[in-house]
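What follows is a short report on a single structure.
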Amino acid sequence: MNITPPSLKILANETASSITVIANTGKSKITGYQYCIGDNCSSFITTNKYTFSKLTPNTSYKIKVTVRNENS
């Protein structure tokens with residue numbers, strides 16, 4: 001069982017009103033991803049990329065990604 005957390009890559013647009021978070025899980029067999037920024041969370045989705053929009057430029061946000069594999 002692999003319990004290594006995914007590495008995250010953040011892509012911001014020019015005005016930083018939206019960002020795209022990419023979760024790199026390596027060779028792990030992930031069946032679902034949930035992306036959270038602050039208290040705002042997505043449903044579990046099957047892609048390793050998610051875009052948050054309508055963000056306030058020059059503001060810090062806490063980002064959390066939860067992954068599921070075939071065992072959970």
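The values are calculated or read from the model by the stated rules, or taken from the named source; none is laboratory data. Note that the structure is predicted; figures quoted are calculated from it, not measured. Virtual Cβ from ideal backbone geometry, glycine too; neighbours counted across all protein chains shown. Note: accessible area is taken over every heavy atom of the protein model, side chains too, but ligands, DNA and RNA are not part of it. Shrake-Rupley method; radii C 1.70, N 1.55, O 1.52, S 1.80 Å.
Worth pointing out:
- Residue match in region 51-70 (condition: modelled with pLDDT under 85, charged (D, E, K, R), over 14 Å from residue 4 (Cα atoms) and in a loop (DSSP other than H, G, I, E, B)): yes
- For region 12-57, filtering for residues that are more than 15 Å from residue 69 (Cβ to Cβ), touching a strand residue (DSSP E or B) at 6+ places or on another chain (Cβ under 9 Å) and open to solvent by 80 Å² or more (accessible area, probe 1.4 Å) leaves 3.
- Which listed residue, of 54, 49, 29, is among the basic types (Lys, Arg) and closer than 14 Å to residue 11 by Cα: 49
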